[in-house]
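Here is the structure we will look at, set down as structure tokens.
The values are calculated or read from the model by the stated rules, or taken from the named source; none is laboratory data. Because the structure is predicted, anything quoted here is derived from the model rather than measured. No Cβ is skipped: glycine too gets one built from the backbone with ideal geometry, and neighbour counts run over all protein chains shown. Just so you know, the surface numbers come from the protein's heavy atoms only, side chains and all, with ligands and any DNA or RNA stripped out. Shrake-Rupley method; radii C 1.70, N 1.55, O 1.52, S 1.80 Å.
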Amino acid sequence: MTVDDRGPAGGEHVEIVEVGPRDGLQNEAKVLSVEDRIAMIDRAADAGLRRIEAVSFVNPKRVPQMAGAEEIMKGVRRAPGVSHIGLVLNRRGLDRALEAAVSEVNVAVPATDGFCVRNQGTTVDGMLDALADIDRALEGTGVPLSVTVSTAFGCPFDGEVSTERVVEVVRRVADTSAVEIALADTIGVGVPRQVTELVGAVAAVAGGRTLRCHFHNTRNTGYANAWAAAEAGVRVLDSSVGGFGGCPFAPAATGNIATEDLLYLLHRSGLHTGVSLSAAAALGDWTGERLDKAPPAYLGRAGDFPA
């Protein structure tokens, strides 16, 4: 098998959603400038990433790392085929996102009340009501909606999360116009068997919507979980260049799986992404330099194989 920098020609395609500019930066001690964040987003697009979680329209007093969303959306290069995703949690955030001309809107709905109250100031039922309001407001805008079900594999406050609980949340999400539903292991506690079970159960109630998965490598299971998702038929995966990330409202939540490490896994396994592994690794290093810390990713240190 010949594997080029973007995956083997003719391999089945897996789409990578780059979450580094948002989820990758929101928990870092150093706040990057608007200019650096714009450069990060544009460099991700240059690497071949076609969906990029660029900004978060949340209160900058709560998450100062995400301040300046409107400036960033004004400054990014709007290349054909590149989608800039904005995270919103309420109608105020949606209004800002639409005014800033995001390509997609993503709403996070936790599976547990413990996390939802601490992260979003409401219960899961309250967040589902907010989602319904956002969905109605999006009607006629042409902006697609995706929904991430966070703490789907475990909660730092409520502990174990049952498959039945996640399925019930997804069933209610499926009542909206969301075109994609993501399952997020917010604190990195999931294992492959759980991924297989949850993806199968959720697919049965998702109404044919695209399923996406989001993993953190907190307990060194993130890449095994990503592969389990791929084996279960998931063809959209989140990752963050350099492996940076974490949630400021989840204790001990460390980085996302690294884009460059995920690309190595997928490409060597015969799957095509269209994303340059070498460019992603270089961007991970670039981001680390600006954050004054070494990237958790391994590819920047070990290099590709064969070299």
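Give the range 279-297 a look and list any residue that's small (Gly, Ala, Ser), surrounded by 19 or more Cβ atoms within 10 Å (Cβ to Cβ) and out of contact with any strand residue (DSSP E or B) (no Cβ under 7 Å at 6 or more places or on another chain), or say none.
Those that are small (Gly, Ala, Ser), surrounded by 19 or more Cβ atoms within 10 Å (Cβ to Cβ) and out of contact with any strand residue (DSSP E or B) (no Cβ under 7 Å at 6 or more places or on another chain): Ala279, Ala280, Ala281, Gly288.
Under 8 Å between Cβ atoms, at least 6 apart or on separate chains: pull out the pairs that start in the range 280-302 with a residue that is part of a helix (DSSP H, G or I) and end on any residue that is basic (Lys, Arg) and surrounded by 16 or more Cβ atoms within 10 Å (Cβ to Cβ).
Note: pairs meeting the criteria are Leu283/Arg43; Trp286/Arg43.
From the list Gln26, Gln65, pick out the single residue that is in contact with a Cys (Cβ under 9 Å, 6 or more places away or on another chain), at pLDDT below 95 and over 28 Å from His267 (Cα atoms).
Only one candidate qualifies: Gln26.
Of the residues Ala44, Ala69, only one is open to solvent by less than 30 Å² (accessible area, probe 1.4 Å), in contact with a Leu (Cβ under 8 Å, 6 or more places away or on another chain) and of a type in the set (Gly, Ala, Ser); which?
Ala44
Give all pairs with beta carbons closer than 6 Å in which a residue from the range 265-279 that is farther than 9 Å from Gly7 by Cα meets a residue that is open to solvent by 20 Å² or more (accessible area, probe 1.4 Å) and of a type outside the set (Lys, Arg); count only pairs at least 6 apart in sequence or on separate chains.
Leu265/Tyr223; Ser278/Asp5
Considering (1) farther than 25 Å from Gly20 by Cβ; (2) surrounded by 16 or more Cβ atoms within 10 Å (Cβ to Cβ); (3) not hydroxyl-bearing (Ser, Thr, Tyr), say which one Glu160 fails and leave the rest.
(2)
Regarding Ala182, is this residue in contact (Cβ under 8 Å) with a residue 12 or more places away in the chain and surrounded by fewer than 22 Cβ atoms within 10 Å (Cβ to Cβ)?
Spelling it out, it is not the case that Ala182 is in contact (Cβ under 8 Å) with a residue 12 or more places away in the chain and surrounded by fewer than 22 Cβ atoms within 10 Å (Cβ to Cβ).
With respect to Leu263, is the statement that it is within 19 Å of Glu15 (Cα to Cα), open to solvent by less than 10 Å² (accessible area, probe 1.4 Å) and of a type outside the set (Val, Ile, Thr) true?
Yes.
Being touching a residue at least 40 places away in the same chain (Cβ under 8 Å), closer than 16 Å to Ser177 by Cα and surrounded by fewer than 23 Cβ atoms within 10 Å (Cβ to Cβ) is the requirement here; does Asp135 meet it?
Spelling it out, Asp135 is indeed touching a residue at least 40 places away in the same chain (Cβ under 8 Å), closer than 16 Å to Ser177 by Cα and surrounded by fewer than 23 Cβ atoms within 10 Å (Cβ to Cβ).
Identify, from the list Ala130, Ala108, Ala79, the residue that is part of a loop (DSSP other than H, G, I, E, B) and touching a residue at least 24 places away in the same chain (Cβ under 8 Å).
None of the other options fit; the residue is Ala79.
Between a first residue in the range 192-212 that is more than 21 Å from Asn106 (Cα to Cα) and a second residue that is of a type in the set (Phe, Trp, Tyr) and crowded, with 16+ Cβ neighbours inside 10 Å, which pairs have beta carbons less than 7 Å apart while being 6 or more apart in sequence or on different chains?
Within 7 Å, the pairs are Gln194/Phe153.
Take Gly154 and tell me if it is open to solvent by less than 10 Å² (accessible area, probe 1.4 Å) and in contact (Cβ under 8 Å) with a residue 24 or more places away in the chain.
On the way: open to solvent by less than 10 Å² (accessible area, probe 1.4 Å): yes; in contact (Cβ under 8 Å) with a residue 24 or more places away in the chain: yes.
Criteria met by Gly154.
For the range 185-200, which positions are of a type in the set (Asp, Glu) and open to solvent by less than 50 Å² (accessible area, probe 1.4 Å)? Full working, then the answer.
First, pick out the residues of the range 185-200 that are of a type in the set (Asp, Glu): 185, 197.
Residue satisfying the conditions is Asp185 alone.
Kindly list the number of the only condition in (1) within 28 Å of Gly48 (Cβ to Cβ); (2) not in a helix (DSSP H, G or I) that fails for Glu70.
So Glu70 meets the others, but not (2).
With within 21 Å of Val236 (Cα to Cα), in a helix (DSSP H, G or I) and open to solvent by less than 20 Å² (accessible area, probe 1.4 Å) as the only criterion, which of Val170, Val147, Val102 stands out?
Of the residues listed, the single one that is within 21 Å of Val236 (Cα to Cα), in a helix (DSSP H, G or I) and open to solvent by less than 20 Å² (accessible area, probe 1.4 Å) is Val170.
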